[in-house]
Every structure is written in C-alpha cells, then in structure tokens.
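Peer 1: Structure provided below as structure tokens; questions to follow.
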Amino acid sequence: MKNNNSTTFIIVSGIFVLCVFAFVVAYNILPNNKESNSYYVKVGDDMSAKIETVEIHDGKLYITTSGDPIEYCVKSTKSKPDSKNLCWNKIENNIASISIYRYKKYYIWIKDDKGNISNYLTVNSNEKDKN
C-alpha cells in the first residue's frame with residue numbers, strides 16, 4: 001500500500017509541475033493587451049525617411065519626420081496601402097498633421113522619395129490631449 005501512495009504522489013506532483021510550466025509559458029507567449037504608446041516604426045534598410053515623433057494635440061495628430069519623406073498615410077486598419085491609395089497625403093518641411101477621432105487606433109505609414117513604404121506605426125488616440 002505504501003508504494004501505491006508514493007506513486008500517486010509522484011504522478012500528482014508531476015502533473016502539478018507540468019500545469020505550472022504550461023501556465024508560465026502561456027503567460028509569456030500570449031499578448032497582455034496593454035497598449036504601448038511608444039512611437040517606433042521599423043523601416044527597411046532601403047528607406048531614406050523615418051518618423052521621428054508623433055504627438056496628439058487638440059484632436060490632431062502631428063507627425064515629424066526626417067530624411068526624404070514625401071507622403072504619409074493614416075488609416076484605422078493595418079492593411080498596407082499601395083502607392084496609389086487615396087490615403088497618401090503630402091509631407092511638407094518634414095511635418096504633417098491630420099484630424100483624428102478620440103478612442104481609436106490608427107496606423108501610420110510614410111513613403112520616401114524612392115517610393116518605398118515603411119512598416120506601420122500604431123498610435124492610440126485614447127490618451128488625453130497634451131496641452
């Protein structure tokens with residue numbers, strides 16, 4: 001009878017350890033639903049332009065760029081726009097602005113003078129306007 005109790009203990013302990021391990025792995029793999037308000041966009045090596053800052057003031061989104069950007073695109077969906085999409089607007093003096101709605105998520109792309117399109121940058125307009 002003693003051997004049966006120790007076998008049961010070993011099996012139950014092993015199952016417990018596996019459950020804890022599975023929980024830790026799942027916790028680290030699954031997204032934690034916390035929105036990041038960092039304004040970083042990864043651009044390709046061939047991009048000659050980049051987004052420097054993104055700010056929200058008085059219901060407008062202000063984008064400051066560097067390099068050779070010619071146009072920007074702001075959408076509420078993350079499907080990459082092609083170069084002929086109607087969302088593209090001119091960037092003048094490395095600054096652009098667009099009116100936005102609060103409590104929405106926006107995706108921003110820039111296009112350089114060679115026609116290269118950046119990866120998207122995500123911005124949440126959930127925060128209060130910075131005055």
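Peer 1: If DNA, RNA and ligands are ignored and the probe is 1.4 Å, what is the ranking of K50, K60, K90, K75 by accessible area, most exposed first?
Peer 2: From most accessible down to least: K90, K50, K60, K75.
Peer 1: Let me ask you something else. Once you have the Cα-Cα distance between D46 and I98, take 0.36 nm times their residue separation minus that, and quote the gain in nm to one decimal.
Peer 2: Fully extending the segment from D46 to I98 adds 16.1 nm.
The values are calculated or read from the model by the stated rules, or taken from the named source; none is laboratory data. Everything numeric in this text was worked out from a predicted model, so none of it was measured. Keep in mind that these areas ignore ligands, DNA and RNA; they rest on the heavy atoms of the full protein, side chains included. Shrake-Rupley method; radii C 1.70, N 1.55, O 1.52, S 1.80 Å.
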